[in-house]
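Quick notes on the structure that follows.
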Amino acid sequence: MLDFKIFCKGEELKEKIEEKKIINILHKHMKKDIHQKRYTKHQSKKKRQLIEILESRVSQRIFNNDPITDEEIKKITHYMAEVPNSCSRQAIYAIVIDDRVSKELLGGLLVGGVGWIHRADKVLLLFAFGDAYKAAGEIKFMPYLDAGAVLMASYLICEEMKIGTCFVNPNIREEYKKYFNEKFNKGELIFCGALALGKYDKKAGKNIKKNSILIK
Ligand SMILES: Cc1cc2nc3c(=O)[nH]c(=O)nc-3n(C[C@H](O)[C@H](O)[C@H](O)COP(=O)(O)O)c2cc1C
């Protein structure tokens with residue numbers, strides 16, 4: 001910095017000193033590789049966000065009356081399509097049920113939704129397109145595995161959007177299946193379950209989870 005004094009006077013000298021200071025700061029930052037540090041910090045923050053979402057997610061069965069907007073449904077169903085799926089067939093489809101009568105009906109038909117599912121603002125019925133599953137025997141299990149990946153994505157995106165959700169398994173009493181199919185499944189697709197969606201005031205309590213699924 002002293003070198004400048006030989007050549008510069010007054011304002012010019014001040015400017016040069018400032019310039020030099022900035023260059024020194026830049027050099028210092030470059031030595032610490034501050035940009036890389038910022039990048040890794042950003043990456044680890046992103047990682048933490050996903051883990052936080054996984055850890056804070058719960059099945060929500062109590063909802064308030066706030067509606068879920070079309071935009072929100074679009075976003076949820078968009079991310080549901082991002083999931084891994086068998087042979088990339090992408091054979092899972094959803095329909096949105098939001099009228100009161102249909103929701104009441106589902107509340108009676110879906111064994112796992114009795115007593116609460118009708119209070120959800122919207123219910124997504126998940127179906128698999130059966131013709132997509134060509135390998136011997138796979139139709140017995142593959143549609144439900146594919147639906148499992150979709151339902152997990154829904155849980156995660158809903159958690160991020162602060163929307164409550166709970167999956168309902170596809171169990172319907174044998175004698176009621178014809179009513180379900182007449183009303184909701186005219187294309188005779190494979191019904192894989194339902195996702196109740198709604199806003200909430202109070203989040204459901206978290207279930208205690210085992211530490212790992214690993215068998216020692
Ligand atoms: C394959 C599957 C089927 C489920 N079926 C139902 C159901 O029919 N009705 C229901 O209320 N919850 C159902 N759930 C939600 C579970 O009860 C819930 O995930 C479990 O109690 C753990 O609670 P948590 O999701 O809050 O961690 C289902 C979840 C999964 C993954």
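The values are calculated or read from the model by the stated rules, or taken from the named source; none is laboratory data. In this text, all values refer to a predicted model and were calculated from it rather than measured experimentally. Using ideal geometry, Cβ is built from the backbone for each residue, glycine included, and neighbour counts are taken over all protein chains shown.
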Check your understanding: Taking the stated definitions as given, is I53 within 16 Å of the ligand (Cβ to nearest atom), under 26 Å from A120 (Cβ atoms) and out of contact with any Cys (no Cβ under 8 Å at 6 or more places or on another chain)?
Key -> yes
Practice item. Inspect the range 145-160 for any residue being small (G, A, S), surrounded by 15 or more Cβ atoms within 10 Å (Cβ to Cβ) and at positive phi and give the result as yes or no. Key: no
Review point. In the range 182-201, is there at least one residue being surrounded by fewer than 14 Cβ atoms within 10 Å (Cβ to Cβ), at pLDDT 95 or above and within 24 Å of K74 (Cβ to Cβ)?
Key: no
Exercise for review: Scan the range 60-101 for residues that are part of a helix (DSSP H, G or I), among the hydrophobic types (A, V, I, L, M, F, W, C) and more than 16 Å from the ligand (Cβ to nearest atom) and jot them down.
Suggested key: I73, I76, C87, V101
Practice item. Output the residues belonging to the range 189-216 that are more than 18 Å from F63 (Cα to Cα), more than 14 Å from the ligand (Cβ to nearest atom) and either part of a strand (DSSP E or B) or in contact (Cβ under 8 Å) with a residue 24 or more places away in the chain (or both). Key: L189, I190
Exercise for review: Go through the range 70-108 and count every residue that is in contact with a His (Cβ under 7 Å, 6 or more places away or on another chain) and of a type in the set (G, A, S).
Suggested key: 1
Practice item. Scan the range 112-144 for residues that are over 28 Å from Q60 (Cβ atoms) and small (G, A, S) and report the count. Key: 5
Study note, to complete from the structure: Scanning the range 158-188 residue by residue, those within 9 Å of the ligand (Cβ to nearest atom) and part of a loop (DSSP other than H, G, I, E, B) turn out to be N169, P170, N171
Practice item. Output yes when any residue across the range 75-85 is buried (at least 18 other Cβ atoms within 10 Å of the Cβ), touching a strand residue (DSSP E or B) at 6+ places or on another chain (Cβ under 9 Å), under 16 Å from L124 (Cα atoms) and of a type in the set (V, I, T), and no when none is. Key: yes
Check your understanding: Across the range 102-140, which residue is surrounded by the fewest Cβ atoms within 10 Å (Cβ to Cβ) among those that are assigned to a loop (DSSP other than H, G, I, E, B) and more than 13 Å from the ligand (Cβ to nearest atom)?
Key -> A136
